[in-house]
Amino acid sequence: MGRWEPNARGRLAQAALELYGERGFEQTTVAEIAKRAGLTERTFFRYFADKREVLFWGAASLQELLINTLNGTPATMAPIDAVAVAIEAAAAEIQQGREFSQQRQAVIDANPELQERELIKLATLSAALADALRQRCVTDPTASLTAEAGIAVFKVAFERWISNARELDFPELIRETLDGLKAVTAGDVHH
């Protein structure tokens with residue numbers, strides 16, 4: 001029987017990110033990640049299916065947070081505003097781990113396979129938001145377009161947040177980015 005390891009998932013994730021940064025994603029093995037974390041390979045596989053999962057394991061809880069938050073908004077709220085509340089809640093949660101997010105993104109940016117996986121994750125989140133909007137009787141194409149716009153706002157704000165030297169507020173960047181999108185669609189922006 002293995003003994004309980006405090007924060008094993010977090011330790012494995014941190015060890016993996018350090019190694020991916022030092023050696024590259026492709027060159028890092030699960031055995032090395034487990035050793036760096038002071039755990040066994042068996043423990044690694046208890047938490048992650050493979051070394052890619054270290055970078056994507058939070059996707060399900062992120063989706064759950066988005067959908068639960070969206071569902072908690074008033075039914076009378078405009079779809080884009082309901083999506084904005086949801087992505088701001090996600091941003092507030094992610095903001096807790098800025099350094100982790102920066103390290104994670106650097107690893108993803110250096111690997112085309114991981115970039116593809118990140119795009120699939122974002123598309124999955126968009127599809128889930130669109131489904132939640134449809135359950136609120138928002139018809140297509142409005143539901144799909146609103147969800148895609150929300151994920152685009154999230155992505156652009158995220159890139160601004162992790163690339164900025166100053167520690168800007170991620171939810172505030174979501175609001176700024178959404179305001180920018182609304183200005184563009186209203187024709188209020190000049191070249």
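Coordinate-derived values only; no laboratory data. Keep in mind it's a predicted model, so treat the numbers as computed, not measured. Cβ sites come from the backbone with ideal geometry, for glycine too, and all protein chains shown count toward neighbours.
Among the listed residues A91, A75, identify the single one that is touching a residue at least 12 places away in the same chain (Cβ under 8 Å), over 17 Å from A157 (Cβ atoms) and of a type in the set (A, V, I, L, M).
Unique residue meeting the criteria: A75.
Just to be sure, is P141 more than 13 Å from the chain's Cα centre (by Cα) and within 23 Å of A15 (Cα to Cα)?
No; evaluated as a whole, the condition is false for this residue.
Just checking, how many residues over the stretch 158-167 are surrounded by fewer than 20 Cβ atoms within 10 Å (Cβ to Cβ) and in contact with a Lys or Arg (Cβ under 8 Å, 6 or more places away or on another chain)?
The qualifying residues number 2.
Touching a residue at least 40 places away in the same chain (Cβ under 8 Å), farther than 28 Å from W57 by Cβ and surrounded by 15 or more Cβ atoms within 10 Å (Cβ to Cβ): which single residue out of V153, V138 fits that description?
V138
Quick one: is F170 of a type in the set (A, V, I, L, M, F, W, C), touching a Phe, Trp or Tyr at 6+ places or on another chain (Cβ under 7 Å) and surrounded by 13 or more Cβ atoms within 10 Å (Cβ to Cβ)?
The answer is yes for F170.
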